[in-house]
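Reviewing the structure listed below.
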Amino acid sequence: MKMVFLGPPGAGKGTIAAKAKDYYGIPHISTGDLFRNNIKNETPLGLQVKSILGSGGLVPDSITIEMVRNRISESDCAKGFILDGFPRTIAQADALAEMTDIDAVVNFDISSEEVIERLSGRRMCPSTGRIYHIVFNPPKVAGKDDETGEDLIQRDDDKEDAIKHRLEVYTSQTQPLIDYYTERGLIRNVKTNNRLQPEDVFELTKKALNG
Ligand code: ADP
Ligand code: ADP
């Protein structure tokens, strides 16, 4: 199954994708993680996009589209994949439609107040990308990854100014994709909030995909 996870920053795309990838046995492709890995390894792409990620803006379509084209042409993607954080613009969605046929687009619907609560408490393992929240999904030992024991970090773009900018970018550039995919009959809506456990949201996601 080839699917796209759509939703504002902090909607829980990465958290649910980490569960869905094991359940469906397909790779989880997060464009944010791909960019962050390039930044960490100081590749030419990483150097090019570092300041864009820091400010919460979007990487140019041409760069992002080529990165995804390369990734989904790898052999592990033949049976399907979960695209998390791509497409984020209509141009990216058009490019994706030319690359392959998508089976479903899960739209994680959440209020902006709850998103802000989530993003400001998000912590991440820098090497594995594993995601935590200081209140909603805390690690077993404060500040440490459950499996590797590494120090968790707060993403630069999870600080107040960048969060605000990312939400504006989402509204203007990405939200129009809900109509785009609704018109194509692909949208599966999942309503989420901070009182639902990630496990519950994953159950709703499976139902939305089967229904
Ligand atoms: P979020 O947690 O907000 O969903 P991501 O980890 O998906 O964030 O993305 C982090 C940053 O990486 C974005 O703010 C943007 O700068 C860049 N990025 C990720 N995916 C894309 C994309 N499809 N197009 C352009 N930029 C992207
Ligand atoms: P996205 O990939 O859409 O940006 P994440 O999966 O990184 O979102 O989740 C954002 C933050 O919200 C993380 O700190 C995560 O632990 C937390 N979170 C995810 N799902 C839930 C949930 N159902 N309830 C409360 N917090 C959640």
Carbon and sulfur %, accessible surface of the range 93-145 computed with the full protein complex present, 1.4 Å: 52
So with the 1.4 Å probe, I'd like the accessible area per residue for the range 110-205, rounded to whole Å². 59
Can you send over the carbon and sulfur percentage of the accessible area for the range 164-211, probe radius 1.4 Å, protein chains only? 50
Leaving ligands, DNA and RNA out of it, rank F86, F202 by accessible area with a 1.4 Å probe, largest first. F202, F86
Filtered trypsin sites (Lys or Arg not before Pro), the range 9-113: DSSP coil and at most 12 other beta carbons within 10 Å: K79
Please give, to one decimal in nm, the separation of the simple spin-label points placed at S51 and D109, each 7 Å out from Cα toward the Cβ. 4.0
Filter the cross-link list K13/K207; K13/K50; K40/K140 down to pairs whose alpha-carbon distance in this structure exceeds 18 Å. K13/K50; K40/K140
Per residue Cα convex hull volume in Å³ - calculated over the chain: 119
Three-way shape label, the range 69-177, alpha-carbon gyration tensor, a/c 1.5: oblate
Euclidean distance between Cα centres, the range 101-157 to the range 37-96, Å: 19
I'd like the accessible area for K159: 1.4 Å probe, protein heavy atoms, all chains in place, Å² to the nearest 10. 90
Accessible area per residue, Å², the range 39-86 with all protein chains present, probe 1.4 Å: 53
Filtered hits (lysines, Cα-Cα < 17 Å from K79, offset >= 8 within chain) -> K2, K21
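The values are calculated or read from the model by the stated rules, or taken from the named source; none is laboratory data. None of these values were measured; they are calculated from a predicted model. FYI the Cβ positions are ideal-geometry reconstructions off the backbone, even for glycines, and counts take in every protein chain you see. Remember, those area values only see protein heavy atoms, side chains included, never the ligands or the DNA or RNA. Shrake-Rupley method; radii C 1.70, N 1.55, O 1.52, S 1.80 Å.
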